[in-house]
Amino acid sequence: MTMTDAATDTAQGRRYSTGAMVFHWLIALLVIVNWRLAEAAEHAARADAIQYFANHKAIGILILLLTLGRLVWRWTHPVPPLPSDLARWEKVLARSVHIIFYVLLIGLPLGGWLANSFSDRTVEMFGLFTIPPLPLGANESLGDTIFDAHALGGQIFVYLIGLHILGALKHTFFDRNGGIFRMLPFGKVPG
């Protein structure tokens, strides 16, 4: 498969656009890094945990911004249809998981910022600038409750990512309908 073949697949609506691919893989990488930062912070000494969480919060805001950019991109660029050989339940599951992904990609960062705001904490963006807390007033108890919901949402997200990966592998290697190659600039996407 040549780059010309990949461009043809994109032009014919079988492959996602380059912009969609960049958003997808960049967000995916940042989500994995952020998950690992949160896990590391949970098991680190206090001083290290503070730094891990500072980076976790900054990456969360970056994920939020990239997700909003991806949504704008999605609304302005055609999305390839799901492969025609998918069963109805597979199409419903694929669409449902993608909707939940967007809810979590927006809701988790906003929830984290909200919880931080109730604890009167800022978000330091890698030393470049500071995002102040939302003007909500202190409520440590509510902040803790939102942090717990944030953690649960993160766990659900990890399981859904696993499901998403399994689905992509199934479609690529068992169904042979393009699967993961629809989101990569190379590989065969059946026409």
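The values are calculated or read from the model by the stated rules, or taken from the named source; none is laboratory data. Note that the coordinates shown come from a computational prediction; the quantities given were computed from them, not determined experimentally. Using ideal geometry, Cβ is built from the backbone for each residue, glycine included, and neighbour counts are taken over all protein chains shown.
Taken over the stretch 46-82, the criterion of being assigned to a loop (DSSP other than H, G, I, E, B) and touching a helix residue (DSSP H, G or I) at 6+ places or on another chain (Cβ under 7 Å) is satisfied by His77, Pro80, Leu82.
Tallying residues that are closer than 20 Å to Val31 by Cβ and assigned to a helix (DSSP H, G or I) within the stretch 94-127 yields 23. Considering the conditions (1) over 28 Å from Val72 (Cα atoms); (2) hydroxyl-bearing (Ser, Thr, Tyr); (3) modelled with pLDDT of 95 or more, Ser117 is excluded by exactly one of them, (1). Apart from one condition, Ala168 fits all of (1) part of a helix (DSSP H, G or I); (2) within 20 Å of Tyr16 (Cα to Cα); (3) among the small types (Gly, Ala, Ser); (4) touching a residue at least 60 places away in the same chain (Cβ under 8 Å); the exception is (4).
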